[in-house]
Amino acid sequence: MRIGLLTDAYDSVLGGITNFLVLHKKALEALGHEPFIFTFGPKDSYDEESRVVRSSGIPIADSGYYFNLGFSERARRLCRTMDILHTQYPFLTGQLAIRYGTRYHIPVVFTNHIRGDLYARHNLPGVPEGLEVALWETYLRLFARQC
């Protein structure tokens, strides 16, 4: 099975999601599957690791994250060949998974690795307490229904 693993960041950001993806990709390969990592990076990025596909993006400060509203033509062509798309984030690459999954008739699955309410509380100061929970739960429910 060809599995597209979509992630907002891969090895440029150390953390739980990256660790999960490294191990998950190896486990899928050991089972005979062909997992591909789809992510963003600098325009001239090169991966020695097989089946890591980076589309260029605009760096977000020095966070290791890159921003773009879509994958490169090369990545989209490869994405069309996947049997399933597995997104790790409900945001940027999550929305891309829904877009490409719908366009190319590929099922989309989602693993939630983050507490969005805590993320919002930390990154959106000034949002009234409790509102971040309501916003996150509403958004996550709507996103999950699309998967």
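The values are calculated or read from the model by the stated rules, or taken from the named source; none is laboratory data. Note that this is a predicted model, so its numbers are computed, not measured. Every residue, glycine as well, gets a Cβ built from its backbone with ideal geometry; the counts of neighbours run over all protein chains shown.
For the stretch 52-63, a tally of residues being part of a loop (DSSP other than H, G, I, E, B) and in contact (Cβ under 8 Å) with a residue 24 or more places away in the chain returns 1. Scanning the stretch 59-79 for residues that are at pLDDT 85 or above and either among the acidic types (Asp, Glu) or more than 16 Å from the chain's Cα centre (by Cα) (or both) yields GLU73, ARG74, ARG77.
Condition check: within 16 Å of the chain's Cα centre (by Cα) and without any contact (Cβ under 8 Å) to a residue 24 or more places away in the chain. Does ARG115 satisfy that?
Spelling it out, ARG115 is indeed within 16 Å of the chain's Cα centre (by Cα) and without any contact (Cβ under 8 Å) to a residue 24 or more places away in the chain.
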